[in-house]
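Contents: one structure, followed by commentary.
The values are calculated or read from the model by the stated rules, or taken from the named source; none is laboratory data. Not measured: the values here are computed from a predicted model. Counting neighbours? That spans all protein chains shown, and the Cβs are built from the backbone with ideal geometry, glycine included. With ligands, DNA and RNA removed, areas are computed over all heavy atoms of the protein, side chains included. Shrake-Rupley method; radii C 1.70, N 1.55, O 1.52, S 1.80 Å.
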Amino acid sequence: MKKLYVVMYHYIRDIANNRYPAIKGLDYSLFEQQLQFFVKNFHPVTMDEVLKAADGNGNLPENAILLTFDDGYIDHFTVAFPLLQKYKLQGSFFIPGRTFTENVLLDVNKIHYILASASTASLKEDLLNLLNQYRKIYPELPSNEHLYRQCAVKGRFDNEDTVFVKRVLQTAIPENIRSEIAGILFEKYVGVSENIFSRELYMNRDQIRCMKEHGMFIGLHGYDHYWLGNLSPQRMKKDIEKSLEVMEEFIDREAWVMNYPYGNFNHDVICYIAGQGCKLGLTTEVRQADLDEDGRYQIPRFDCNDFPPKSENYLEEMP
């Protein structure tokens, strides 16, 4: 058997008593309950076991489950790591290289905390007004109406307006403009130095090293957390090369694993990473993986909210 449940985590913290209680994450107490549920009802596996099965060297146990953690947050070291050790489980942590090498706040996280600090209605209004202002300098920007039609699509956990704000600031307009706008909104609604905020938000190199030394798996999540499939081949390769360079201490260059930021990739991305020693690619497609049927570079994952105690959505995928 080579079927596998892969679970995706982001923020794990004391949500209610955090400075940003509106952040979308999993409360630490629910995280521990979820680990207890997995130990009782599943067979947690390591990344090494998954890679061996993908290579045809053995099978996975029934109800195999792999735990993955995106973005390199300090939560993963202070909350997830101790609990994983408590239950003798391995986590696979995928870290954008820029988070611990430059102490820069990634745009993806600016957006998270902007959304956690203001109403969506206010953000939408501010964003539309800022787009109008930038359009005076960059008349080639699409109209607000066009952007809304293109980007305002209801997501699994977000309404149309929230997805609109995210997509415009993530990918729908040129990078220099969206980064400036995200900075303006972050300063207005969060009001903390980005340098200080980044040092509080992400793990540092020593913490990543500590987790690696204690049995956790470390993989790639790009360098700048770009939508890799939307980049030119040259920029895509440069981002991955830079990520490989700064992550070299933590990975095996002959057998590493890629977790695509935003789940975004294309044929060029797969071809390039396959030639650089990558053995597995994780997406955000929501279903159970089958290593015999799925391409090894297109492994689907469930969100942590798809399992108890949050929900039983994963049951829809049970055989």
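Tabulated values for the structure
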| read-out | value |
| --- | --- |
| Residue that is farthest from the chain's Cα centre (by Cα) [pool: residues in segment 146-158 that are without any contact (Cβ under 8 Å) to a residue 24 or more places away in the chain, part of a loop (DSSP other than H, G, I, E, B) and within 19 Å of residue 118 (Cβ to Cβ)] | 152 |
| Criterion: out of contact with any Ser or Thr (no Cβ under 6 Å at 6 or more places or on another chain), at pLDDT below 95 and surrounded by fewer than 19 Cβ atoms within 10 Å (Cβ to Cβ) - qualifying residue of 156, 149 | 156 |
| Candidate set: segment 83-125, residues that are of a type in the set (D, E, K, R) and open to solvent by 30 Å² or more (accessible area, probe 1.4 Å); chosen: the one nearest to residue 191 (Cα to Cα) | 107 |
| Among the candidates 201, 228, residue that is under 15 Å from residue 74 (Cβ atoms), under 15 Å from the mean Cα position of the chain (by Cα), at pLDDT 95 or above and not basic (Lys, Arg) | 201 |
| Count - residues of segment 188-241 that are among the aliphatic types (A, V, I, L, M), in a helix (DSSP H, G or I) and farther than 30 Å from residue 125 by Cα | 4 |
| The lone exception for residue 161 - which of (1) closer than 19 Å to residue 183 by Cβ; (2) open to solvent by less than 70 Å² (accessible area, probe 1.4 Å); (3) of a type outside the set (Phe, Trp, Tyr); (4) more than 20 Å from the chain's Cα centre (by Cα) it fails | (1) |
| Pairs where the first residue, in segment 264-277, is modelled with pLDDT of 95 or more and of a type outside the set (Phe, Trp, Tyr) and the second is open to solvent by 60 Å² or more (accessible area, probe 1.4 Å) and part of a helix (DSSP H, G or I), C-beta under 7 Å, 6+ apart | 264/230 |
